[in-house]
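What follows is a short report on a single structure.
The values are calculated or read from the model by the stated rules, or taken from the named source; none is laboratory data. These numbers were taken from a predicted model, which means no experiment stands behind them. Cβ: placed from backbone, ideal geometry, glycine included. Neighbour counts: every protein chain shown. SASA here: full protein model, heavy atoms, side chains in, ligands and nucleic acids out. Shrake-Rupley method; radii C 1.70, N 1.55, O 1.52, S 1.80 Å.
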Amino acid sequence: MTQMALEGVNLTRQFGGFYALRNVNISVPQGEIRGLIGPNGAGKSTLIDVLSGRASKWQGQVFVDGQDVGKCSPRERRNRGVARSFQRTSIFSSRTVRDQLELAAHWGDDANVDQVMEQLGLSSKQHQVASELGYGDQRLLDLALALIGKPRVLLLDEPAAGLTMEESLNLAHLLRDLVKRWGITVLLVEHDMDVVFSICDQITVLNLGEVLIDGTVAEVRASPLVVAAYLGRNVT
Ligand SMILES: Nc1ncnc2c1ncn2[C@@H]1O[C@H](COP(=O)(O)OP(=O)(O)O)[C@@H](O)[C@H]1O
Ligand SMILES: [Mg+2]
């Protein structure tokens, strides 16, 4: 049996009586880029929160490389190789790109800092103050921060939000290249279907807190259920 890098079993999260997630099962094999899509409010960010350890009240189980990490804090999960990106990680925006990455590395793994900057094309901007970067480079810095320490599993919640189409596709290709080189496993929430269809191996579609379908790009594109879920939300 293939070892799953990331596995969520019967994940449920409620807010009051409302199910943001209900018995969600997801298994991502090592080295795969899994797209996570679904209409607004489907539960995508909630699932990322549960998998990364940021959700407070939830039920189910989370495994990383077959190890139960359900009781682990975000920091402990990070130590086990699970990283996530945030939309606004640049808390120390008055610091340079390099400083921020070194801070994230905190034990001073310079080799990895240089490698990450090079991989994302940020080396030439390493001495620029983060707040003075263009928006596209700020998003790359957010991704770079998640990559410090070479995570085994990367959870990305809309890393291309606000980028132009060209920047989105650039980010998508950087990501795919990186996954191949480092053998990372990625769960990618992304609303830009061009990005999802161009880099994901497999796609999980959430709707109203439940998995609607798990399949290849072709299967998901052809699914009437997916079309109905998106159109249903658009007309309401
Ligand atoms: N902290 C919260 N309190 C109450 N409801 C929440 C909270 N976070 C998310 N929700 C609800 O849970 C559902 C799923 O949200 P979310 O996971 O953010 O969806 P998505 O990321 O797919 O757009 C939405 O209906 C949202 O309103
Ligand atoms: Mg979201």
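Filter the stretch 42-66 for residues that are touching a residue at least 60 places away in the same chain (Cβ under 8 Å) and either open to solvent by 30 Å² or more (accessible area, probe 1.4 Å) or of a type in the set (A, V, I, L, M) (or both) and give the result.
Those that are touching a residue at least 60 places away in the same chain (Cβ under 8 Å) and either open to solvent by 30 Å² or more (accessible area, probe 1.4 Å) or of a type in the set (A, V, I, L, M) (or both): ALA42, SER45, LEU47, ILE48, LEU51, VAL64, ASP65, GLY66.
For GLY31, all conditions in the list (1) within 16 Å of ligand 2 (Cβ to nearest atom); (2) open to solvent by less than 40 Å² (accessible area, probe 1.4 Å) hold save one; what is the number of the exception?
(1)
Considering only residues that are modelled with pLDDT of 85 or more and of a type in the set (D, E, K, R), look in the stretch 93-117 and name the one that is least open to solvent (accessible area, probe 1.4 Å).
ARG98
Counting only residues that are at pLDDT below 90 and not small (Gly, Ala, Ser), which one in the stretch 80-92 is least open to solvent (accessible area, probe 1.4 Å)? Lay out the reasoning, then the answer.
Our first condition is that a residue be at pLDDT below 90; within the stretch 80-92, this holds for 85-92.
Subset that is not small (Gly, Ala, Ser): 86-89, 91-92.
Values: PHE86: 73, GLN87: 93, ARG88: 144, THR89: 37, ILE91: 132, PHE92: 104 Å².
Ranking the qualifying residues of the stretch 80-92, first place goes to THR89.
Please work out which residue is surrounded by the fewest Cβ atoms within 10 Å (Cβ to Cβ), limiting yourself to the stretch 148-165 and to residues that are assigned to a loop (DSSP other than H, G, I, E, B) and within 14 Å of ligand 1 (Cβ to nearest atom).
Going through the qualifying residues, I end up with ALA161.
Suppose we filter LEU143, LEU175, LEU187 for residues that are within 16 Å of ligand 2 (Cβ to nearest atom) and crowded, with 21+ Cβ neighbours inside 10 Å; which single one remains?
Working: LEU143 fails: within 16 Å of ligand 2 (Cβ to nearest atom); LEU175 fails: within 16 Å of ligand 2 (Cβ to nearest atom).
Result: LEU187 is the single residue among LEU143, LEU175, LEU187 that is within 16 Å of ligand 2 (Cβ to nearest atom) and crowded, with 21+ Cβ neighbours inside 10 Å.
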